[in-house]
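The values are calculated or read from the model by the stated rules, or taken from the named source; none is laboratory data. All of these numbers come straight from a predicted model, not from anything done at the bench. As a convention, Cβ positions derive from the backbone with ideal geometry for all residues, glycine included, and neighbour counts pool all protein chains shown. Ligands, DNA and RNA are excluded from the accessible area calculation, which covers all protein heavy atoms including side chains. Shrake-Rupley method; radii C 1.70, N 1.55, O 1.52, S 1.80 Å.
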Amino acid sequence: MSDLPPTNDPVDADPVLPGDVPGEPTPEKTGGGFGGERPEAPIGRRSFDHWFGEKDRNGFIHRSWMRAQGFSDEVFDGRPVIGICNTWSELTPCNAHLRRLADSVKRGVWQAGGFPLEFPVMSLGETMLRPTAMLFRNLLSMDVEESLRGNPIDGAVLLTGCDKTTPGSIMGAASVDLPTMVVTGGPMLNGKFRGCDIGSGTAVWRFTQDRNAGRMSEEDYAAAESGMSRSNGHCMTMGTASTMACMAEALGLQMTGGAAIPAVDSRRYSIAQQTGQRIVQMVHEDLKPSDILTRDAFANAVRANAAIGGSTNFVIHLLAIAGRVGVDVTLDDIDEWARGVPWLVDLQPSGKYLMEDFYYAGGLPAVMREILPLLKTDAVTVTGKTIGENVANAERTVDTDVIRAVGNPLGSGAGTAVLKGNLAPDGAVIKQSAASERLLRHRGKALVFTAIEDYDKAVDDPDLDVDEDTVLVLQNAGPRGYPGMPEVGNMTIPRKLAEQGIDDMVRISDARMSGTAYGTVVLHVTPEAAVGGPLALVRTGDWIELDVPARRLHLDVPEEELEKRRADWQPPTPPSDRGWARLYVDHVTQANQGCDLDFLVGRTGSAVARQSH
C-alpha cells in the first residue's frame, strides 16, 4: 500500500484486490445481498467490504465513477476512506475559509495512507440565517448522520466553526459512531477601533446601547462596524463559537490546543494536517466517539466551560450530544460540576481580552492544567492519550493576566448556574460571570411582552412604564414558540433608562442569548411559554424574585391565581404547517433535554444499508 497520494495518470489494468487472493472470501460472499442485512465491517474495511472491494456489478459502478475524478488504483486497495465533512459556505462568514482547511486535512490523510473524500453538509451561519440557526441545528445533524452512514466512509473529520455547526456536526457523527475528529475554524483576529481592541458581538451590544443613549455618534458606529471583523474566522470573544471549539477540545474530540488558534495563523493549518494523519490511525484503532464521550468527558467539559466563562448555549448543546451517545447528563449534573470551579479566563464578554490573546497565553490546555485536580484525568481523547497526559506539560504565559493562576482567580463558581422554582420547574440558566453582582439577588415587578417584536416597538418609548428595578419578561421565544429559540433574551435596555446610565436589568425569557452578550439575563426557562409553562402565566405587575446563590427563580403569585390563569391560557398558533419547521415543532424537546428531536436521541450506528443498484 502506497503512502503517497495517487497520481491522476490513466491506468491499463484493474487493481489487484484482496478478493483475488486464492482462498480469501470475496466481499460479495460476506454481504447480505438484496434485502439482506450486512454485518458490521472489520476495522477500517467498511468502505472496502461494501463499496470499493466488491467484485460484482456494484463494485464496478462504485470504482468506475470514482475514477472519473482521476483517482488511480491505490485508493481502492482497502485503505481507510476518511470523509471530510465540511460546513463551508459563503453565507456562513465564520466558515468561509474551511475549504482551504480541508486541503490541509487531506494532506495529512494522504501522508498516513488514507483516502480523503470531502463532502458538503448544511451550513448554519448565526449572523445571517433567519429566524435562527438553532432551528436548523438538528437538520444539520441529520445531514451529517445520513451522509456518514450512507457513503463509503471509515472515519470522519468534521470541519466546523460558527455556533451551531460544531455541536450539530458532533451530534450527527455521534449517532453513527465511526471514528471522528473535529477541526474548528478558529477565531478571527482581534477587532480594532480607535486604537482599542473590540470584540465581535460584545462590541455590537455595547455600541448599540451607547448610540441609543446618545454617547456614540453614527459616524463612530459605522467606523466600529468596519473594524470589528478583520479576518476569516468565528467570533473572537468567548462567545458560543469559541465556547463550542473549547467544548470539542475539552470533550477529547479535537487535537490538544486546537480550539484557540486564530483562523489565519499557519498553526491552524498545521494542526489540521496532523488531524488528517491521526484520523487514519484512529480508524485502525477503532477509537470511536462512544469511547471518548463518557460521563467523565462531559464533566471535564462542564468544568472547563466554567473556568473559561463560556456561553450559556454550551448547556443546550452538551445535553444534546450526551443524548446522542446515551450518557445520562442533567441540568443538575451541570450545576453541580460547575460549582466552585475558579473562573480563570479574562475574556469578553465577561472580561477584557479576546481569543487571540487567549491563544498566546496558553489556550485551553493551560486552563485545564490549572484545574487539573478538578478533572477526570483518565478520560480518553482522540490523541490516543488521556486528557491528563495531553495537558500535563501545558504552559501558561505568566506575564499576562489573560489566564489567571488557580490561586488568583477572577472569581469562584462564576460559571453557568441552573435556577429552579415555580417559574422554571424544569430549570433555567444564567451566566454568572456576565451578570451584575448587585442583581444576583433581586425582587422586582414584571413588565411582560408576548413577542420580541412588541418589545422592539416599545423599547424607545419615553413613556414606557419601567424603572431600573423592573424585571423584563419575554414569552414565546422558546424552541416551539418562535420556533427555534432565538438569541433575543438579552433585550436592549429601554432608551429612557440607558439615557440615565442604567446598563443592566434583570431579563427573563425562554429564549437564548448570544454567547457574546452580557448582563443579568435568565434564559432557557423550561417549560417554555408556548407549551403552557409557568412563564406563559406571568402578567405585568407580578412580583418576581431572583436569587442566583440559592439557585431560585420564583413568581410571587398565589397558586390559586395561577390555576385560574392556566385554565384561561390558549396555546399560540403553530408558526408553520409545513416543511422542516412543522417537523421541528412537532418533535423538538425542551431546553433541559437539549432541544433535540425526540426521534433522534440515541445512537443508530454505522451498519451499511441495502444496495442501491
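Less than 5 angstrom separates the built amide H of Leu419 from those of Ala428, Val429, Ile430, all sequence-distant by 5 or more or on a different chain.
Compute the FRET efficiency between Arg610 and Arg339 as 1/(1 + (r/R0)^6), taking r as their Cβ-Cβ distance and R0 = 41 Å, and round to the nearest 0.05.
Details: r = 50 Å, r/R0 = 1.23.
After rounding, the FRET efficiency stands at 0.25.
Express in nm, to one decimal, how much length is gained between Trp543 and His284 on full extension, taking 0.36 nm for each residue of separation and deducting their alpha carbon distance.
Values: separation 259, 0.36 × 259 = 93.24 nm, distance 6.07 nm.
Difference between extended and current length: 87.2 nm.
Full extension of the chain between Glu453 and Arg582 gives 44.2 nm of extra length, using 0.36 nm per residue less the Cα-Cα distance. Taking a Cβ cut-off of under 11 Å around Thr312, the surrounding Lys, Arg, Asp and Glu residues balance to a net charge of +1, with basic ones at +1 and acidic ones at -1.
Surface composition of the chain: carbon plus sulfur atoms contribute 48% of the solvent-accessible area (1.4 Å probe, protein chains only, all chains present). If you plug the beta carbon distance of Leu91 and Arg211 into 1/(1 + (r/R0)^6) with R0 = 35 Å, you get a FRET efficiency near 0.80.
Placing pseudo-labels 7 Å out from each Cα toward the beta carbon at Arg552 and Ala223 gives an inter-label distance of 5.0 nm.
Looking at the range 360-486, the DSSP beta bridges with both ends there are about 60 percent antiparallel.
Roughly speaking, what is the stretch gain from Asp332 to Ser436, that is 0.36 nm per residue apart minus the C-alpha to C-alpha distance, in nm to one decimal? Let's see the in-between values first.
Numbers: separation 104, 0.36 × 104 = 37.44 nm, distance 2.35 nm.
Full extension from Asp332 to Ser436 adds 35.1 nm.
Judged by the mean number of other Cβ atoms found within 10 Å, the most tightly packed of the peptides 152-160, 437-445 leads the ranking 152-160, 437-445. Here the calculated FRET efficiency for Arg565 and Asp103, from their Cβ-Cβ distance with R0 = 60 Å, stands at 0.55, rounded to the nearest 0.05. Couplings 3J(HN,Hα) of the range 373-383, computed from phi: x, 8, 9, 8, 6, 8, 4, 7, 10, 5, 6 Hz, in residue order, whole Hz [Karplus 6.51 cos²θ - 1.76 cosθ + 1.60, θ = phi - 60°; x for Gly and Pro].
Cys residues of the chain that find no other Cys beta carbon under 4.7 Å: Cys85, Cys196, Cys235, Cys246, Cys595. The accessible-area ordering, largest first, of the residues Val601, Val315 stands as Val601, Val315, per a 1.4 angstrom probe.
Which value, in debye to the nearest 20, gives the size of the charge dipole of the chain about its Cα centre, when Lys and Arg are +1 and Asp and Glu are -1 at the Cβ? It would help to have the intermediate numbers written out before the result.
Numbers: 59 positive and 82 negative charges, 102 e Å.
Rounded to the nearest 20 debye, it is 480 debye.
Measure nothing fancy, just the Cα-based angle from helix 240-251's long axis to the longest principal axis of the chain, in degrees from 0 to 90, nearest 10. Compared with the principal axis, the helix lies near 50 degrees. Surface calculation, 1.4 Å probe, protein heavy atoms: Asp399 sits at approximately 130 Å² accessible. Per residue, the accessible area of the chain comes to 38 Å² when a 1.4 Å probe rolls over the protein heavy atoms.
With +1 on each Lys and Arg Cβ and -1 on each Asp and Glu Cβ, how big is the dipole of the range 330-406 about its Cα centre, in debye rounded to the nearest 20? Can you show the working numbers first?
On the way: 7 positive and 13 negative charges, 29 e Å.
The calculated dipole for the range 330-406 is roughly 140 debye.
Among [x] 1.06; [y] 1.01; [z] 1.72, only one was calculated for this model; which label is it, if the read-out is Rg/Rh (Cα atoms, Kirkwood Rh)? Working out Rg/Rh (Cα atoms, Kirkwood Rh) from the coordinates points to [y].
Judged by the ratio a/c of the largest to the smallest principal axis of the C-alpha gyration tensor, the range 424-560 counts as rounded, that ratio being less than 1.5.
Karplus-derived 3J(HN,Hα) values for the range 214-231, using 6.51 cos²θ - 1.76 cosθ + 1.60 with θ = phi - 60°, are x, 8, 9, 7, 5, 5, 5, 4, 5, 5, 5, 4, 6, x, 6, 10, 9, 7 Hz; glycine and proline are entered as x.
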